[in-house]
Amino acid sequence: MPSTDCPFCRKLSDLGSLAPEELVWQFPHSVALLGPWQYYQGYCILVARTHATELSQLPDAERVAYFNEMCLLARAIEKSFHPRKLNYELLGNQVPHLHWHLFPRYDHDPDALKPVWLALERGERDETEGQRLRTGFGSRSHSAELLQEQLILSDCDGIHSFGSE
């Protein structure tokens, strides 16, 4: 059941108000959003449509479908941006609503062997570092378009799309 206190529930209830480059794709069980830290080009957040705080709270079939949607998004990130590695994180400590962070990691990253969160914490404290991590190497709209093209090529268009509900 959606929660009015939950920022992701509020966002999911009003997807039409999102900037076009933020909404990457709408799957049946989740929504892919382009994350704010585009130094990790292609970084996305996959938000479950069902408000739950733990994977174990989803019915089995819905949980499997959510994982499958995550894999489709991961493939789109890999094909669009060719990262060295893709990091998956499901935390929920700050926002207790199921959401995966998919962080592409690249050879040029000076912190490639460290958790992303260490750099992001620096970015929260230091505006110059924060700007560098948010800006990345290309436009947000171009990154979203590349991901959408890959999802269409993966035949996800029959599942749902970036423009329909």
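The values are calculated or read from the model by the stated rules, or taken from the named source; none is laboratory data. Since we're looking at a predicted model, the values are computed, not measured. Cβ placement follows ideal geometry from the backbone for every residue including glycine, while neighbour counts extend to all protein chains displayed.
The C-beta contact set for the stretch 75-88 (first residue over 17 Å from Ala144 (Cβ atoms), second residue part of a loop (DSSP other than H, G, I, E, B), distance under 6 angstrom, 6+ apart or interchain) comprises Arg84/Tyr106; Arg84/Asp107. Exactly one residue among Tyr39, Tyr43 is among the hydroxyl-bearing types (Ser, Thr, Tyr), at pLDDT below 95, surrounded by 14 or more Cβ atoms within 10 Å (Cβ to Cβ) and under 19 Å from Pro115 (Cα atoms), and that residue is Tyr39. The condition (being of a type in the set (Gly, Ala, Ser), surrounded by 13 or more Cβ atoms within 10 Å (Cβ to Cβ) and modelled with pLDDT under 95) is satisfied by just one residue among Ser3, Ser30: Ser3. Pairs linking a residue in the stretch 97-112 that is under 12 Å from Gln41 (Cα atoms) and touching a residue at least 24 places away in the same chain (Cβ under 8 Å) to a residue that is part of a loop (DSSP other than H, G, I, E, B) and of a type in the set (D, E, K, R), with Cβ atoms under 8 Å and 6 or more positions apart or on different chains, are Arg105/Arg84; Tyr106/Arg84.
How about the stretch 96-114: which of its residues are within 11 Å of Pro83 (Cβ to Cβ) and either touching a helix residue (DSSP H, G or I) at 6+ places or on another chain (Cβ under 7 Å) or in a loop (DSSP other than H, G, I, E, B) (or both)?
Leu102, Phe103, Pro104, Tyr106, Asp107, His108, Asp109, Ala112
I'd like to verify a number: residues in the stretch 20-51 that are on the phi < 0 side of the Ramachandran plot, touching a residue at least 40 places away in the same chain (Cβ under 8 Å) and part of a loop (DSSP other than H, G, I, E, B), how many?
16
Only one of (1) under 25 Å from Ser13 (Cβ atoms); (2) among the aromatic types (Phe, Trp, Tyr); (3) not in a strand (DSSP E or B) is not met by Trp117, so which one is it? Failing condition for Trp117: (1).
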